[in-house]
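Undergrad: One structure is given below, represented as structure tokens, and several questions about it will come after.
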Amino acid sequence: MKLSEEQLQQFDELGYVMLPDLFDPAEIAAVTADLPRIYAMDRPEVWRESTGVVRTAFAAHHYSEPFALIGKHPRLVEPVKQLLGGDVYIHQYKINAKAAFDGDVWQWHQDYGTWARDDAMPEPRAMNIALFLDDVTEFNGPLWIMPGSHKQGVFEAGHDLATTSYPLWTLDKQTIAELANTHGIFSAKGRAGSVLMFHSNIVHASSPNIGPWGRTIVYLSLCHVDNHIRQFKREEWIAHRDFTPVQSAPDDCLKSYAAGQVAAE
Ligand code: SIN
Ligand code: MN
């Protein structure tokens, strides 16, 4: 799958592209069927909110067959290779649960701000591609993005170790107010199966989920192989050290996986 000229231009100008309904309901069901097993795991990669519900399951491609397929799915990997101009490896892999009622805030930040400061990634030649596993609406904490904010480099940030269970380099309120007045805010909503790609310098956040519906999104943070991280301060399952290029799986891999599951029953 290749992005069109129009999509490439939008990515350059706004720093994001939405790809609605890229995966069908059967493909999404094949993946979400493994979530209860993953969320019940007692392992360090499964990070919890202060209330105990799952916030993020890191590196799920290492312990879940369908999530491993997501990590090499051509509809996710190929557009990023196109944008970054070559082979990519998985820098970070996370399932963000944003649970009904208890899913907590992600403060305003830039991903490359963290990757540069914590992992010594040389350049913002890495980006996120996010697959919605639930319908994402105004009621369950959609991602808020400031269109065009990726053009201004890395902003000053403070290391927030207190607000949520997960440490993050966050931007101050004055910077956010100024950026919002200039750029506005885009709320990334869409049906399950939709995909959002965004530049690693784009300023983004999401509010707590006080609604009765969960908002599961899986994020692949893919980095050009030449731009691999130089510093190994964080856990390996948060900032990976295996820089092997991702080899795309066949386009129908989730369908084949689901058929295999049915045959085994
Ligand atoms: C992130 O910014 O890395 C995650 C935000 C979210 O899932 O709401
Ligand atoms: Mn982020």
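Undergrad: Give the accessible area for GLU123 in Å² (nearest 10); use a 1.4 Å probe, count only protein heavy atoms, and leave out ligands, DNA and RNA.
TA: Roughly 100 Å² of GLU123 is accessible to a 1.4 Å probe.
Undergrad: So, with a 1.4 angstrom probe, what is the percent of accessible area on the chain that is carbon and sulfur?
TA: Details: 6100 of 11350 Å².
Answer for the chain: carbon and sulfur cover 54 percent of the accessible area.
Undergrad: Taking 20 °C and 1.002 mPa s as the conditions, I'd like the Stokes-Einstein D for the range 5-264 in µm²/s, using the Kirkwood hydrodynamic radius from alpha carbon pairs.
TA: 116
Undergrad: Counting DSSP beta bridges with both partners in the chain, what percentage is antiparallel, nearest 5?
TA: Among the beta bridges of the chain, antiparallel pairing accounts for roughly 100 percent.
Undergrad: Using the Cβ atoms and a cut-off under 14 Å, what net charge is assigned to the surroundings of ALA157, where Lys and Arg are +1 and Asp and Glu are -1?
TA: Details: positive: ARG117, LYS173; negative: ASP111, ASP118, GLU156, ASP160, ASP172.
Net charge in that neighbourhood comes out at -3.
Undergrad: Gain in length, ASP172 to ALA259, computed as 0.36 nm per residue apart minus the alpha-carbon separation, to one decimal in nm?
TA: Values: separation 87, 0.36 × 87 = 31.32 nm, distance 4.90 nm.
Here the segment from ASP172 to ALA259 would lengthen by 26.4 nm.
Undergrad: Per residue, how much accessible surface does the chain expose to a 1.4 Å probe? Answer in Å², no decimals.
TA: 43
Undergrad: Can you give me the solvent accessible area of MET18 with a 1.4 Å probe, rounded to the nearest 10 Å²?
TA: Here the residue's solvent-accessible area equals roughly 40 Å².
Undergrad: If you don't mind, another one. Taking 0.36 nm per residue of sequence separation and subtracting the Cα-Cα distance, how much length would be gained by fully extending the chain between ALA180 and GLU235, in nm to one decimal? Don't jump to the answer; show the numbers that get you there.
TA: Working: separation 55, 0.36 × 55 = 19.80 nm, distance 3.32 nm.
Net length gain for the segment: 16.5 nm.
The values are calculated or read from the model by the stated rules, or taken from the named source; none is laboratory data. In this text the structure is predicted, and so the values were computed from the model without any measurement. Note: ideal-geometry Cβ built from the backbone for every residue, glycine included; neighbour counts use all protein chains shown. Keep in mind that these areas ignore ligands, DNA and RNA; they rest on the heavy atoms of the full protein, side chains included. Shrake-Rupley method; radii C 1.70, N 1.55, O 1.52, S 1.80 Å.
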